[in-house]
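Contents: one structure, followed by commentary.
Values quoted throughout were computed directly from the atomic coordinates according to the rules given, and no laboratory measurement underlies them. Note that the structure is predicted; figures quoted are calculated from it, not measured. When we count neighbours, we look across all protein chains shown, and the Cβ atoms used for this are built from the backbone with ideal geometry, even at glycine.
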Amino acid sequence: MAYKISDACISCGACADACPVSAISQGDTQYQIDPATCIDCGTCADTCPVSAPAAE
């Protein structure tokens, strides 16, 4: 399953910079993960300072 970013996101961009497949982009109010591109590696969750990304 792909990861999803919760409302806890502070839009710092750490997850997008760390994603090895560039599955994360800035949305209207927070970052979002493209589930078709996400490889479920967990790098975004490990990098996020507020633990916003989580497995669905």
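By the Cβ distance rule (another cysteine Cβ under 4.7 Å), the unpaired cysteines of the chain are CYS9, CYS12, CYS19, CYS38, CYS41, CYS48.
Entry note, the chain: relative contact order of 50 percent, from Cα contacts under 8 Å with a spacing of 6+ residues. Charged neighbours of GLN30, selected by a Cβ distance under 12 Å, balance to -1 (K, R count +1; D, E count -1). Taking the square roots of five times each eigenvalue of the Cα gyration tensor of the chain, the equivalent ellipsoid has semi-axes of 14, 11, 11 Å, listed largest first. Calculated mean residue ellipticity at 222 nm for the chain: -3500 deg cm²/dmol, from DSSP H runs with n ≥ 4 weighted as -39500 (n - 2.57), summed, divided by the residue count and rounded to 500.
If the chain linking THR47 and ASP34 were pulled fully straight, counting 0.36 nm for each residue of separation and taking away their Cα-Cα distance, it would gain 2.9 nm.
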